[in-house]
Amino acid sequence: MRVRETKLCDYGFTPDEERQLRQFCRRLDSVDEMLLLECTMKVNVDISKDLYYSITSGVSYDKLENIKHIMISRTDFYGYQRKTLDTFRKELIERGRYPF
């Protein structure tokens, strides 16, 4: 399945788990900030900063697009955002820091 078509439930997320992880991403400490940034770079280095900003601030693709041009479509952006959340969750699990 292509990244753009993959939903969070395909990664094994429940709706409540997604909400909790997104809230966690909005209040990261410096170690977790670096970890999330590394995850965005693993997923798509070209838009890693945009993914990071969107996830940590809650800014939507459309609002971000009004500020600056994003190189990919909305569908692809959110696909990479979901993949980043999955990658970040896996990294937290590996470090024994999930669930929080």
Problem - Sole residue being open to solvent by 70 Å² or more (accessible area, probe 1.4 Å) and touching a Ser or Thr at 6+ places or on another chain (Cβ under 6 Å), chosen from 34, 1, 41 - result: 41
Practice task
Might you let me know whether region 49-67 holds any residue that is among the charged types (D, E, K, R), touching a residue at least 40 places away in the same chain (Cβ under 8 Å) and in a helix (DSSP H, G or I)?
Solution key: no
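A quick yes/no check of all residues on (1) under 21 Å from residue 21 (Cα atoms); (2) at pLDDT 95 or above; (3) not β-branched (Val, Ile, Thr):
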{"residue": "52", "(1), (2), (3)": "yes, yes, yes"}
{"residue": "59", "(1), (2), (3)": "yes, yes, no"}
{"residue": "72", "(1), (2), (3)": "no, yes, no"}
{"residue": "78", "(1), (2), (3)": "yes, yes, yes"}
{"residue": "82", "(1), (2), (3)": "yes, yes, yes"}
Exercise for the section: Kindly check whether there is at least one residue in region 84-100 that is in contact (Cβ under 8 Å) with a residue 12 or more places away in the chain and of a type in the set (Gly, Ala, Ser). Expected result: no
Fill in the blank from the handout: For region 68-83 the number of residues that are charged (D, E, K, R), without any contact (Cβ under 8 Å) to a residue 40 or more places away in the chain and surrounded by 13 or more Cβ atoms within 10 Å (Cβ to Cβ) is 1
Handout entry: Verdict on residue 27 being at pLDDT 95 or above, of a type in the set (Lys, Arg) and not in a loop (DSSP other than H, G, I, E, B)
Key = no
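The values are calculated or read from the model by the stated rules, or taken from the named source; none is laboratory data. Remember, predicted model here, so these are calculated numbers, not experimental data. Glycine gets a Cβ as well: all are built from the backbone with ideal geometry, and neighbour counts include every protein chain shown. Each accessible area value is taken on the protein alone, full model and side chains, heavy atoms only, with ligands, DNA and RNA left out. Shrake-Rupley method; radii C 1.70, N 1.55, O 1.52, S 1.80 Å.
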